[in-house]
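The structure appears right after this line, and notes come after that.
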Amino acid sequence: MLYGRSLSRDDIAALSGSLQAFGGVRLFTLGDGVERGVRMLEFRTGSGLRFTLAVDRALDIAEVERRGRPLGWHSPTGFRHPAYFDYEGEDGLGPLRSFSGFLVTCGLDHILGSGEVSARSYNYPRRTVVRHGLHGRVSNIPARLTGYGERWEGDRCILWAEGIVVQATNFGENLHLYRRIEADLGGNEIRLSDRVVNEGFLTTPHMFFYHVNIGAPLLEEGARYVAPIREVVWAGHAGARYRAQGVGYRTAPPPMRDFAEQVWEHDMAADGQGRVPVALLNDRLGLGLEVVTRKDQLPCSYQWQNFQAGSYALGIEPSTHHVLGDKAARERGEMIWLGARESRSYEIRFQVLDGEEALSQAAARIRAIVPQPDDDYPEPSGRFAPLDGPGRRSPLPEEVTS
């Protein structure tokens, strides 16, 4: 379907000398300031959906817009080239000087706050600890672009790109992220699939989450966060500060001065196919975004609210691990340890919701899985459900060997 008509491949070819007149994928390079040299892939689906991939920043999704209306978030940092990035700086907060865009991938061996963990698994006497910065290294590593373009399957045209992001060091991790992004000509959906592989021979920890950042105008006063929340598990501002800013988890305020970020972890329910949909709905604009992941791949979910004027954003963040962090994952026996050639796969889908009916249907579909709490300030339970599955265990020194 393109411009309200069902068109075959031959119909589209007859209308113009090039598919690029209607949509497609093209490569360009940013040329100024701290963004200079960053390769970008632009996708246009012909439906009014346009998005870009920052090739030199892990093939993350930089911009998303629907009919000229932005859906993603831009921070003051811009899409900084990795050459100007200092991961080790500012006591592990260096990544904040490069944090921007619709999707920031976090991992591959560490997520959440900065800190030190044992390096015993790497079997190198000169290295006893690994020092991690905020959310890990992967989002500021350039991808090796292995292909992009348009592929026809009968009368269906699929826009696609693929690349490999290598996070590696000597006497440490050798993790490869194999990433593929797709969208259909005439469609309103972005599909992303990832596979993280330990291409080395040392047993290596693995943590991963998608930091999906939504900004104005989709995010504005009254926008609704809709999710199949069984239980609110944790809030970083719980206790005396929980209600202090007058902002709960369900409804966005306007940008506020002196706002301190709020972070929750929710226990989400899945539908009958194991999918977890989370949406931000803007009734005034008749516009929304639905983010869909799989519970068996990303069992945990965070909500980030950064309503500070000038950095106004809301984050939907499905994760492999609880918000407790790296050390707690090891202590609880929940860290994912990848042996040689072992891998984990992840899928995430972004669906643009256009019109009152689409918003209503999405809200009803999510509510049918499980109704979310009606209270804007549900009391966090503190119950972090045990995480199990292949590769999750405690890093006892005698068992974490090469």
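The values are calculated or read from the model by the stated rules, or taken from the named source; none is laboratory data. Nothing here was measured: the structure is a model prediction, and the numbers come from that model. A quick note on method: Cβ atoms are made from the backbone with ideal geometry, for glycine too, and the neighbour counts reach across all protein chains shown. Note: areas computed on protein heavy atoms with side chains; ligands, DNA, RNA excluded. Shrake-Rupley method; radii C 1.70, N 1.55, O 1.52, S 1.80 Å.
Given the structure, is Gly310 touching a residue at least 60 places away in the same chain (Cβ under 8 Å), on the phi > 0 side of the Ramachandran plot and in contact with a Leu (Cβ under 9 Å, 6 or more places away or on another chain)? Spelling it out, it is not the case that Gly310 is touching a residue at least 60 places away in the same chain (Cβ under 8 Å), on the phi > 0 side of the Ramachandran plot and in contact with a Leu (Cβ under 9 Å, 6 or more places away or on another chain). Taking the conditions (1) under 17 Å from Gly107 (Cβ atoms); (2) in a strand (DSSP E or B) in turn, Gln303 satisfies each one other than (1). A search for C-beta distances below 7 Å between a residue of the stretch 276-294 that is in a strand (DSSP E or B) and any residue that is surrounded by 21 or more Cβ atoms within 10 Å (Cβ to Cβ) and acidic (Asp, Glu), counting only pairs 6+ apart in sequence or on different chains, returns Pro277/Glu290; Ala279/Glu290.
For the residues Ala216, Ala235, Ala244, Ala183, the requirement of being over 18 Å from Val276 (Cβ atoms) and free of Cβ contacts under 8 Å to residues at least 24 places away in the same chain singles out Ala244. No other residue among Leu175, Leu192, Leu185 is open to solvent by less than 50 Å² (accessible area, probe 1.4 Å), of a type in the set (A, V, I, L, M, F, W, C) and more than 30 Å from Leu285 (Cα to Cα) apart from Leu175.
For beta carbons closer than 9 Å, sequence separation of 6+ or different chains, a first residue in the stretch 151-169 that is exposed (fewer than 12 other Cβ atoms within 10 Å of the Cβ) and a second that is outside any strand (DSSP E or B), the qualifying pairs are Gly154/Ser8; Gly154/Arg9.
Of the strands (runs of 3 or more DSSP E) lying entirely inside the stretch 105-167, those carrying at least 1 residues that are within 29 Å of Asp10 (Cα to Cα) and touching a Phe, Trp or Tyr at 6+ places or on another chain (Cβ under 9 Å) are 144-153. Considering (1) part of a strand (DSSP E or B); (2) in contact with a Lys or Arg (Cβ under 9 Å, 6 or more places away or on another chain); (3) surrounded by 14 or more Cβ atoms within 10 Å (Cβ to Cβ), the lone condition that Gly333 does not fulfil carries the number (1). With respect to the numbered conditions (1) within 21 Å of Gly78 (Cβ to Cβ); (2) of a type in the set (Gly, Ala, Ser); (3) in contact with an Asp or Glu (Cβ under 8 Å, 6 or more places away or on another chain); (4) modelled with pLDDT under 95, which one is the sole condition not fulfilled by Gly89? Here Gly89 meets the rest and fails (3). A search for C-beta distances below 7 Å between a residue of the stretch 253-275 that is open to solvent by 80 Å² or more (accessible area, probe 1.4 Å) and any residue that is assigned to a loop (DSSP other than H, G, I, E, B) and at pLDDT 95 or above, counting only pairs 6+ apart in sequence or on different chains, returns Arg257/Ala309.
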